[in-house]
1. How about the range 75-99: which of its residues are touching a strand residue (DSSP E or B) at 6+ places or on another chain (Cβ under 9 Å) and under 17 Å from residue 163 (Cα atoms)?
2. For the range 119-140, give me the residue count where each residue is buried (at least 22 other Cβ atoms within 10 Å of the Cβ) and in a helix (DSSP H, G or I).
3. Every residue in the range 2-17 that is modelled with pLDDT of 80 or more and closer than 21 Å to residue 64 by Cβ, please.
4. Of all strands (runs of 3 or more DSSP E) completely enclosed by the range 1-110, which ones contain at least 2 residues that are outside the structural domain of residue 164 (by TED's automatic domain parsing), touching a residue at least 60 places away in the same chain (Cβ under 8 Å) and surrounded by 14 or more Cβ atoms within 10 Å (Cβ to Cβ)?
5. Under the condition of being out of contact with any helix residue (DSSP H, G or I) (no Cβ under 6 Å at 6 or more places or on another chain) and either touching a residue at least 12 places away in the same chain (Cβ under 8 Å) or outside the structural domain of residue 95 (by TED's automatic domain parsing) (or both), which residue from the range 141-153 is surrounded by the most Cβ atoms within 10 Å (Cβ to Cβ)?
């Protein structure tokens with residue numbers, strides 16, 4: 001007698017399923033905070049294990065439609081390894097950008113790329129991101145830039161893109177948008193959220209057509225140094241909060257971990273279908 005086909009959740013490990021739930025949540029959060037571009041752009045996450053497989057959204061679904069089971073698992077060459085029963089595939093141009101970062105950076109477990117109006121506006125400004133706000137000062141000296149080479153269909157661009165990214169976690173793609181990478185999904189979401197906020201603030205400030213007060217250079221440097229470290233939290237919280245694991249003690253790695261459970265609770269109150 002034929003055995004019934006196993007569901008995707010039954011085919012993958014518990015660790016991968018948890019990753020899928022968090023990645024689907026990240027898609028919903030990017031939509032919730034106004035950073036989507038219809039079905040375009042991507043958020044990718046590396047599947048635990050030796051194969052370096054990547055999870056990516058189905059090309060044709062809105063971010064608010066993404067679920068844990070709708071995500072497609074691909075290898076670094078872009079070959080589909082596993083997918084749910086839906087008619088969608090993978091966007092080649094988006095995969096070129098994301099696979100380049102995943103291949104080059106072992107610490108890049110999650111990569112987020114956006115095309116927001118504010119992000120594109122700042123990407124087209126010759127000065128790039130300016131330290132006009134405390135939010136922007138967090139990124140001062142920590143943002144890479146990559147010139148626009150046209151739609152990302154050329155695999156030859158991958159080497160140049162990762163060369164420009166270097167060891168940084170945030171990059172402005174000129175005339176194109178924003179890109180961040182991080183060791184985890186919560187940390188990547190935190191990066192893209194605040195980089196986006198910094199861009200929105202800059203666009204609003206420059207549109208005021210009023211003289212702008214700039215913080216002294218030494219204050220900008222001090223702020224960048226202070227905000228590049230761990231998220232500020234009480235010692236007992238760091239000791240007892242299960243989301244603040246030992247790897248979060250490393251400088252620069254704490255941001256995003258503390259608020260992630262709260263963000264998931266907010267999603268759950270609105271719509272839990274991302275967990276499906």
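The values are calculated or read from the model by the stated rules, or taken from the named source; none is laboratory data. Computed from a predicted structure; not experimentally measured. Virtual Cβ from ideal backbone geometry, glycine too; neighbours counted across all protein chains shown.
1. Passing the criteria: 97, 98, 99.
2. Matching residues across the range 119-140 total 5.
3. Selection gives 17 alone.
4. none
5. Out of the qualifying residues, it is 143.
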